[in-house]
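Quick one: the structure is below, questions incoming.
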Amino acid sequence: MNKELTKNLASGHSACAGCAFPTIVRTILGESDVPVVISNATGCLEVTSTLYPYTAWKVPYIHNAFENAAATISGVERAYKILKKKGKIKKEIKFVTFAGDGGTYDIGFQSLSGALERGHNFLYVCYDNGGYMNTGNQRSSATPFGAATETTPSGKMSFGKMEVRKNLMDIAAAHGVPYAAQANVAYLPDLKKKARKALETEGPTFLLVFSPCTNNWKFPTSQFVSIAKLATETNFWPLYEIEKGKYKINWATEKPKPVEEFLKTQGRFKHLFSEKNKPVIGQIQKMVDAEFRRLASLVE
Amino acid sequence: MTKNSKKLALTGGYAAAEALKQINPDVMAVYPITPQTPIIEVFSKFKSDGEVDTEVIHVESEHSAISACVGSSAAGARTVTATSSQGLALMNEILYIASGLRRPILMLVSARALAAPLNIHGDHSDVMGARDSGWVQIFCSTPQEVYDKTIVGMKLAEKVKLPVMVIMDGFNTSHSVENMEILEKEAVQKFVGEYSPEKYLLDIDNPVTFGPVALQNSYFEFRKDLSDAFDTVEGELEKIYEEYGHISGRSYKKIEKYKLEDAEKILVAMGSVGGTIKDAIDKLREDGEKVGLLEISLFRPFPYEEVKKALKDTKEVIVLDRNLAFGTKQVLASEISHSIGKKVKSVVYGLGGRDTFQKQIMDLVKGDNQSGYLL
């Protein structure tokens, strides 16, 4: 494998074939010109990269627990501040947290909010695969409306998850962070640009990255990029950034594809294509359109 | 009084903050909870006045306080925190991770009751709940002890690579003023020394992975290693106490004995109730009762051998627990019973800050109270 590509996260980790997060991690860390220290929430990335006695991490790394990756990096970052002041550490170091959507939207929400409010100098990256994939596909507050999971299965009385995803980007931005951006593993130049900007910005920064899960979204391993691409082309996952409170959409088209194009690629939405559930697809289309209009209205 | 020491009247909470100021740790991550607040308020004032270099992280919960401590300690910084009660209960998950990762974090605890019902006053329910989490637990009975054992605890943690709790009774000790003696800052600094960890996150050229997954083939060994580390604590603590005796003139032991030599009845207790018991013993002895007190200072690891030696010839042992264990024998009573291989008289006192009076102790020793409670 390309040595430059694997200089931070080695090959040989045990993530599934067709998993998006190795690409996300490597792309983001590749944009740092200075050494990095990582904190990682419990989840797929953690268990597939640190199985003792091996580690895929070629950079200093700490996994503490599920809900406290942001609090953990808070401690690391302040330790750095004081030890640098005392002259015990000389080098410039950047701090990056990786967590899934469960560790970010749900159980790690308070820890993240606290760290953003306190203004630690770090980048928080949420790889969002829309559910608890490490424990076998249960719903999180990032699971899309209509998706079937093991805890929101479709059935006679249910079309899957009946609640709308939490809008974490706006919540992060409401902390007054200098930079927050939504990105997608299928748009690497855009992800690189955002990672570089986030790493170069002083203070807490936030990246929310679309990360398809082959196992639990139920699609062939070869498809993760094309499915991720459809998410943006349908406006299901717009690429945008919020810099010092200013919204900017990074990718748009006159004619977005119907959301159905995205939904039909994955087993988790299969039940929506039954006669009974067809109206749900219309509902999702309306939600996607409304959210994109709202986003566009926020751009000056 | 030794050379260059200073006499002051301080509360236990202030004494803890004073000791922490002299240690001047790199990082303190804290969240307020009664009756721990005096410690972090006084320390924050030291910070605001430029008397310490410490980075104080005012986190949004105790869970994040101990999580940030694990991060800071793994990063290579000398790290401290303080809490009480619900706060310690909220930290519980990460207490095990702190010890599992062998982080030498020092935590001051103003021991307090656990809800429900809500109660902000002193007892040992909180620290008893954390007794098997892989932390060394040292009890203090006076503000002087809090000051001394904070300094000792920091050195011990780094020596044995285990997290250490230094415990005072909420309000009884944390808010009570006592005349006490503090050392010069330089003496304390010299005593605790520089913290130089072997492996740490900020050592960029030697990357380490902290907190990996360990399955059936290695998890067991990790936990056994942690258990084995506890076997070194008693010996190291003895050495550190001795060294501390040289600079302070105050000598401490894992267990403290009061009038045990000829005692036919021995009371066993931990924390601030020791003073009340000693006064009761003095009065009882005037009436001819041969009674003494054994105070347990080091609770984890539990000094079974020394306790056994101290109690072996005693006719009657009465153990006071400031914690109520449900559906089982009381915690300290069980430990003592295990140490000496026979039954002890077990009594629960002081829950939720309930005062304990000399007369209650005297009635207990005389056999007038068989209820099992000092209600």
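The values are calculated or read from the model by the stated rules, or taken from the named source; none is laboratory data. Keep in mind it's a predicted model, so treat the numbers as computed, not measured. Don't worry about glycine lacking a Cβ; one is built from the backbone with ideal geometry, like all the others, and counts go over all protein chains shown.
Every residue in region A:185-196 that is assigned to a helix (DSSP H, G or I) and touching a residue at least 24 places away in the same chain (Cβ under 8 Å), please.
Within region A:185-196, A:188, A:190, A:191, A:192, A:194, A:195, A:196 qualify.
Out of the residues in region B:1-36 that are over 23 Å from residue B:67 (Cβ atoms) and in a strand (DSSP E or B), which is nearest to the chain's Cα centre (by Cα)?
The selected residue is B:11.
Sticking with this structure for a sec: If I go through region B:51-82 residue by residue, how many of them are touching a residue at least 60 places away in the same chain (Cβ under 8 Å), among the β-branched types (Val, Ile, Thr) and at the interface with another protein chain (Cβ under 7 Å from one of its Cβ atoms)?
Number of matching residues: 0.
Out of B:91, B:107, I need the residue that is more than 9 Å from chain A (Cβ to nearest Cβ), surrounded by 24 or more Cβ atoms within 10 Å (Cβ to Cβ) and under 13 Å from residue B:162 (Cα atoms). Which one?
B:107
Now, a different point. Of everything in region B:185-232 that's of a type in the set (Phe, Trp, Tyr) and more than 14 Å from chain A (Cβ to nearest Cβ), which residue is surrounded by the fewest Cβ atoms within 10 Å (Cβ to Cβ)?
Ranking the qualifying residues of region B:185-232, first place goes to B:230.
All but one of (1) in contact (Cβ under 8 Å) with a residue 24 or more places away in the chain; (2) at positive phi; (3) surrounded by fewer than 17 Cβ atoms within 10 Å (Cβ to Cβ) hold for residue B:271, so report the exception by its number.
For residue B:271, the failing item is (3).
Inside region B:269-290, can you point out the residues that are among the small types (Gly, Ala, Ser) and more than 23 Å from the chain's Cα centre (by Cα)?
B:280, B:288
Moving to a separate point now. Looking only at region B:166-184, filter to residues that are surrounded by fewer than 24 Cβ atoms within 10 Å (Cβ to Cβ) and not hydrophobic (A, V, I, L, M, F, W, C); which one of those is farthest from residue B:37 (Cα to Cα)?
B:184
Moving on to the next point. Is it true that some residue in region B:279-295 is without any contact (Cβ under 8 Å) to a residue 40 or more places away in the chain and within 11 Å of chain A (Cβ to nearest Cβ)?
No, the conditions are met nowhere in region B:279-295.
Same structure again: Name the residue that is nearest to the chain's Cα centre (by Cα), counting only residues in region B:38-62 that are in a helix (DSSP H, G or I) and crowded, with 24+ Cβ neighbours inside 10 Å.
Once the filter is applied, the top-ranked residue is B:39.
Residues in region B:156-164: is at least one more than 22 Å from residue B:92 (Cβ to Cβ), in the same structural domain as residue B:98 (by TED's automatic domain parsing), touching a Cys at 6+ places or on another chain (Cβ under 8 Å) and modelled with pLDDT of 95 or more?
no
Note down all Cβ pairs under 9 Å where the first residue falls in region A:270-290 and is over 24 Å from residue A:167 (Cα atoms), the second is of a type in the set (Asp, Glu), and they're at least six residues apart or on different chains.
Listed pairs, sorted by first residue: A:273/A:260.
If you don't mind, another one. Of these, B:211, B:249, which one is more than 20 Å from the chain's Cα centre (by Cα) and within 30 Å of residue A:35 (Cβ to Cβ)?
Of B:211, B:249, the one residue that is more than 20 Å from the chain's Cα centre (by Cα) and within 30 Å of residue A:35 (Cβ to Cβ) is B:211.
Consider residue A:74 against the criteria (1) more than 21 Å from residue A:210 (Cβ to Cβ); (2) free of Cβ contacts under 8 Å to residues at least 24 places away in the same chain: it satisfies all of them except one. Which criterion is unmet?
Unmet for residue A:74, out of (1) more than 21 Å from residue A:210 (Cβ to Cβ); (2) free of Cβ contacts under 8 Å to residues at least 24 places away in the same chain: (2).
Could you tell me whether residue A:165 is part of a helix (DSSP H, G or I) and of a type in the set (D, E, K, R)?
Against the criterion (part of a helix (DSSP H, G or I) and of a type in the set (D, E, K, R)), residue A:165 does not qualify.
Further, regarding this structure: Output the strands (runs of 3 or more DSSP E) that fall wholly within region B:293-375 and possess 1 or more residues being polar (S, T, N, Q) and either surrounded by fewer than 17 Cβ atoms within 10 Å (Cβ to Cβ) or outside the structural domain of residue B:112 (by TED's automatic domain parsing) (or both), or say none.
In region B:293-375, the matching strands (runs of 3 or more DSSP E) lie at B:345-349.
Of everything in region A:38-69, what is at the interface with another protein chain (Cβ under 8 Å from one of its Cβ atoms) and under 20 Å from residue A:101 (Cα atoms)? Give them in sequence order.
Within region A:38-69, A:39, A:46, A:47, A:50, A:61, A:62, A:63, A:64, A:65, A:67, A:68 meet the criteria.
Give me a count of the residues in region A:70-101 that are within 9 Å of another protein chain (Cβ to nearest Cβ) and touching a Leu at 6+ places or on another chain (Cβ under 8 Å).
The qualifying residues number 7.
Let me ask something additional. Find all pairs meeting these conditions: Cβ atoms under 9 angstrom apart; at least six residues apart or on different chains; first residue within region B:223-249 and assigned by TED's automatic domain parsing to the domain that holds residue B:190 and over 24 Å from residue B:147 (Cα atoms); second residue modelled with pLDDT of 95 or more and in a helix (DSSP H, G or I).
These pairs meet every condition: B:223/B:100; B:226/B:99; B:226/B:100; B:229/B:99; B:229/B:160.
For region A:110-127, state whether one or more residues are surrounded by fewer than 23 Cβ atoms within 10 Å (Cβ to Cβ) and under 22 Å from residue A:20 (Cβ atoms).
No: region A:110-127 contains no residue that is surrounded by fewer than 23 Cβ atoms within 10 Å (Cβ to Cβ) and under 22 Å from residue A:20 (Cβ atoms).
Moving to a separate point now. If only one of A:142, A:147, A:115, A:172 is closer than 27 Å to residue A:242 by Cβ, at pLDDT 95 or above, away from every other protein chain (no Cβ under 14 Å) and not in a loop (DSSP other than H, G, I, E, B), which one is it?
Checking each option against the conditions leaves just A:172.
Anything in region A:156-186 that is surrounded by fewer than 21 Cβ atoms within 10 Å (Cβ to Cβ) and among the hydroxyl-bearing types (Ser, Thr, Tyr)? List them, or say none.
Scanning region A:156-186 gives a single hit, A:158.
With the requirement that a residue be under 21 Å from residue B:32 (Cα atoms) and in contact with a helix residue (DSSP H, G or I) (Cβ under 6 Å, 6 or more places away or on another chain), what does region B:90-108 give you?
B:90, B:91, B:94, B:98, B:105, B:106, B:108
Out of contact with any Ser or Thr (no Cβ under 7 Å at 6 or more places or on another chain) and within 24 Å of residue A:74 (Cα to Cα): does that describe residue B:40?
Spelling it out, residue B:40 is indeed out of contact with any Ser or Thr (no Cβ under 7 Å at 6 or more places or on another chain) and within 24 Å of residue A:74 (Cα to Cα).
From B:84, B:133, which residue is more than 18 Å from residue B:229 (Cβ to Cβ) and surrounded by 19 or more Cβ atoms within 10 Å (Cβ to Cβ)?
Only one candidate qualifies: B:84.
In region B:83-177, which helices (runs of 4 or more DSSP H) lie fully inside it and hold 3 or more residues that are under 16 Å from residue B:300 (Cα atoms), of a type in the set (A, V, I, L, M, F, W, C) and under 16 Å from the mean Cα position of the chain (by Cα)?
B:143-160
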